[in-house]
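Have a look at the structure that comes next, please.
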Amino acid sequence: MTSSDAAPDRLSGLLEEHAALETELADPAVHTDTARARRLGRRYAQLAPVVETARALDAARDDLAAARELAAEDASFAEEARGLETRIDELSDRLHEQLLPKDPDDDKDVILEIKAGEGGAESALFAGDLLRMYLRYAERRGWATEVLDAVPAELGGYKDVSIAVKSRTDEGIWSRLKFEGGVHRVQRVPVTESQGRIHTSAVGVLVLPEAEDVDVTVDPNDLRIDVFRSSGPGGQSVNTTDSAVRITHLPTGIVVSSQNEKSQLQNRESALRVLRSRLLAAAREEAAATASDQRRSQVRTVDRSERVRTYNFPESRISDHRVGFKAHNLDAVLDGELDPVLDALTRAHTAELLAAGS
C-alpha cells in the first residue's frame, strides 16, 4: 500500500502490525489464552479505522488518476475528478488525525473512584448521583460494571465508592472516560436545607486505566495487609466476620481497601485490582517528564475551586469548564447521556494535538 502524505513511516508500521495481528488472530491456538486473544483483538480493532482510511485514500487516488486521464478525452469526467480531489483532501485530513500519537492506555478498561468532598451530607448524596450517572452511561454503551468498594454515608449516597468498568467487546473504555477525572461541583438546594438556599458541594472523581498482570508486578513482600470488620451507615455491622481488607503498598505508601464483598479473599482481590491500577498510573506519570494532559486534570484536592464540571440544578445546566461546553439537559446527563460532553472533550484534545504539530 502506498498511502498517505501523513507520517508514512508510522503508517507503514501500523499497516504491517495490523496484518500481523490478523494472522495471529486466525490461529486457533491463540484463542486458548483468553487474555492474550482479547488483548490482540483490542489492538486489531484499534488499528482497523486507520487501515480502512488508508485503503479508501489509495482507492480514491487511483480513481482520480483514471478520471484525469479520461477527462483529457471527455470533459464530463472533469467534474468527477474535482469530486475525487475533495474526497482525497478529506481522507488525508482524517488519516492525519488518526495517525496522531495515541494514549497507550486507550484500549484499557478502567477503575473509577468517586469521593465525597466539601459539602458534607450533600456531597455524599451527589457522589451517589454521579455513581448512578456512570452506571447508566455504561449500561447505554453495553459495558459491564462491578462495585469494588463502597462506603455509604449516613443520610444516603457515598463517602467513597470504587467501580470497575469493563468492555464486553474490543472497545477501549479509557479512551472514553479518561477526561472524567477531576472535581465535579454541584449547585442545588439540599434536602436538609429548610430555607431553600442553594448550596455548592464538591465530589472528586479519579479515573485509572485498569492494570493487567503484564503491566504491573506486585511483590507480596511489599504489602501490608490488614483485615477489619465491614461497617455500614452509623457503624452498623453488615458482616459478622473480619472480611474487609486494607492493603498498604510499603514502597509507595499507597493504601487501598475493599469491604464490598462477603469474603476476605474476594475483598483482597478487589483491593489488589485497585492497587495495581494506581501503581500503573504512578509509573506512567513518573516515566513522563511532565504529567500528561489527562493526568493533570485529575483530582488534587476535593474543594470547590478545583473544578472541571458544574451541575447547576436550578438552571438544569451542565458546564464543563475545560472546553466551555454547556447544555441545559441536566436530568438527561445524570441519566447517562454523557456522549455530547465526552465528544466535546475528545475533539478539544485532538485539536490540541494537531495544533502542537504532532
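Where a number appears in this text, it was derived from the coordinates with a stated rule and is not lab data. Everything numeric here is computed off the predicted structure, so don't read it as measured data. Here the Cβ positions follow ideal geometry from the backbone for every residue, glycine too, while neighbour counts run over all protein chains shown.
Tell me, what is the FRET efficiency for D106 and D62 to the nearest 0.05, using R0 = 45 angstrom and their Cβ-Cβ distance as r?
Efficiency, rounded to the nearest 0.05: 0.90.
Output the pairs from K166/K262; K108/K326; K178/K262; K108/K262 with a Cα-Cα distance over 26 Å in this structure; if there are none, say none.
K108/K326; K178/K262; K108/K262
I've got another one for you. Within a Cβ distance under 9 Å of L250, other residues only, what is the Lys/Arg minus Asp/Glu net charge?
0
So which residue, out of S270, S162, S316, gets the largest mean-square fluctuation from a GNM of the chain using Cα contacts under 10 Å as springs?
The residue that fluctuates most here is S316.
For the pair T248/A355, report the inter-label distance in nm, with labels modelled 7 Å from Cα in the Cβ direction.
Label at T248, label at A355, 4.5 nm between them.
In addition: According to the square roots a ≥ b ≥ c of the eigenvalues of the Cα gyration tensor, what is the shape class of the stretch 1-155, taking rounded for a/c under 1.5, prolate for a/b larger than b/c otherwise, and oblate for the remainder?
prolate
Taking square-rooted eigenvalues a ≥ b ≥ c of the alpha carbon gyration tensor, is the stretch 8-98 rounded, prolate or oblate, where a/c under 1.5 means rounded and, failing that, a/b exceeding b/c means prolate?
Taking the square roots of the gyration eigenvalues as a ≥ b ≥ c, the stretch 8-98 is prolate.
Would you mind checking the tilt of helix 339-355 against the longest principal axis of the Cα atoms of the chain, expressed as 0 to 90 degrees and rounded to 10?
So the inclination is approximately 60 degrees.
Return the single residue from E285, E269, E52 with maximal mean-square fluctuation; model: Gaussian network over the chain, springs between Cα atoms under 10 Å.
E52
Report, largest value first, the span of the C-alpha coordinates of the chain along each principal axis, in whole Å.
If we take the Cα atoms of the chain, the spans are 87, 56, 36 Å.
Going through the stretch 53-113, which GluC sites (Glu not before Pro) have at most 16 other Cβ atoms within 10 Å and a DSSP loop state?
E73
For R132 and E90, what is the calculated FRET efficiency with R₀ set at 45 Å and r taken between the beta-carbons, to the nearest 0.05?
Efficiency, from the Cβ-Cβ distance: 0.65.
Taking the Cα atoms only, what angle lies between the long axis of helix 264-287 and the longest principal axis of the chain, rounded to 10 degrees?
50 degrees
Follow-up question, since we're still on this one. Would you work out the relative contact order for the chain, in percent, from Cα pairs under 8 angstrom that are 6 or more residues apart?
Averaging sequence separation for qualifying contacts and normalising by length gives 16 percent for the chain.
Calculate the spin-label point distance for R39 paired with E171, positioning each point 7 Å from the Cα along the beta-carbon direction, and give it in nanometres.
2.4 nm
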